[in-house]
Amino acid sequence: MMVLTVADVVLRAAFNLPIRGMYELVELLLACTFFVALPAVFLRDENIVVDVVDEFAPRWVPALRRFAEVVAVAILAVMAWQGWKAAAETLVFNDVTSDLGISKFYYWVPVLIGLAGSGLAAAAMIFRKKE
């Protein structure tokens with residue numbers, strides 16, 4: 001994304017020749033970057049955490065973490081289900097981007113892979129032994 005952005009800025013400034021569809025390419029790459037990396041966040045247990053309970057009830061923490069992972073699996077499952085429905089609609093209506101004519105379904109592929117992988121990773125973390 002950064003190389004494309006820098007190339008676009010340089011080409012635009014130096015030669016008045018921007019890269020066509022730059023916004024769409026960065027948007028697609030951003031979806032890939034975020035959602036494909038999301039399962040690793042769950043597996044490494046690197047989600048953003050606010051330690052409110054840790055100080056006054058440290059024995060509750062493992063149970064609360066497992067509960068949070070169960071909730072995460074449920075939310076990710078709903079997100080994947082709704083995403084699948086939206087992706088199917090992009091195929092039915094043949095939605096494409098305005099500049100490059102890229103099928104909007106390709107935007108949903110990394111999102112759905114990331115959501116499914118994140119759900120599986122969160123489910124695996126439920127049964128992982130906590131310190």
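Would you check if Leu112 is buried (at least 17 other Cβ atoms within 10 Å of the Cβ), touching a Ser or Thr at 6+ places or on another chain (Cβ under 8 Å) and under 25 Å from Arg128 (Cβ atoms)?
On the way: buried (at least 17 other Cβ atoms within 10 Å of the Cβ): yes; touching a Ser or Thr at 6+ places or on another chain (Cβ under 8 Å): no; under 25 Å from Arg128 (Cβ atoms): yes.
No.
Check region 108-119 and report whether any residue there is of a type outside the set (Gly, Ala, Ser), outside any helix (DSSP H, G or I) and without any contact (Cβ under 8 Å) to a residue 24 or more places away in the chain.
Our first condition is that a residue be of a type outside the set (Gly, Ala, Ser); within region 108-119, this holds for 108-113, 115.
Going one step further and asking which of them are outside any helix (DSSP H, G or I), we end up with none.
Scanning region 108-119, I find no residue that is of a type outside the set (Gly, Ala, Ser), outside any helix (DSSP H, G or I) and without any contact (Cβ under 8 Å) to a residue 24 or more places away in the chain, so the answer is no.
Is it true that Leu91 is open to solvent by 40 Å² or more (accessible area, probe 1.4 Å) and on the phi < 0 side of the Ramachandran plot? The answer is yes for Leu91. Considering only residues of region 19-33 that are part of a loop (DSSP other than H, G, I, E, B) and touching a residue at least 60 places away in the same chain (Cβ under 8 Å), which is least open to solvent (accessible area, probe 1.4 Å)? Of everything passing the filter in region 19-33, Gly21 is least open to solvent (accessible area, probe 1.4 Å). When the residues of region 34-61 are filtered to those that are of a type in the set (Val, Ile, Thr) and open to solvent by 80 Å² or more (accessible area, probe 1.4 Å), which remaining residue is modelled with the highest pLDDT? Ranking the qualifying residues of region 34-61, first place goes to Val36. Among the numbered conditions (1) part of a helix (DSSP H, G or I); (2) surrounded by fewer than 15 Cβ atoms within 10 Å (Cβ to Cβ); (3) among the acidic types (Asp, Glu), the only one that Glu69 does not meet is (2).
If we scan region 3-18, do we find a residue that is at pLDDT 95 or above and aromatic (Phe, Trp, Tyr)? Looking for residues that are at pLDDT 95 or above and aromatic (Phe, Trp, Tyr), one finds at least one in region 3-18, hence yes.
Does region 94-107 hold any residues that are surrounded by 16 or more Cβ atoms within 10 Å (Cβ to Cβ) and not in a loop (DSSP other than H, G, I, E, B), and which are they? Phe105, Tyr107 - these are the residues of region 94-107 that are surrounded by 16 or more Cβ atoms within 10 Å (Cβ to Cβ) and not in a loop (DSSP other than H, G, I, E, B).
The values are calculated or read from the model by the stated rules, or taken from the named source; none is laboratory data. Remember, predicted model here, so these are calculated numbers, not experimental data. Quick reminder, even Gly has a Cβ in these numbers, built from the backbone with ideal geometry, and neighbours come from all protein chains shown. We work out accessible area using only protein heavy atoms, side chains counted, and drop any ligands, DNA or RNA first. Shrake-Rupley method; radii C 1.70, N 1.55, O 1.52, S 1.80 Å.
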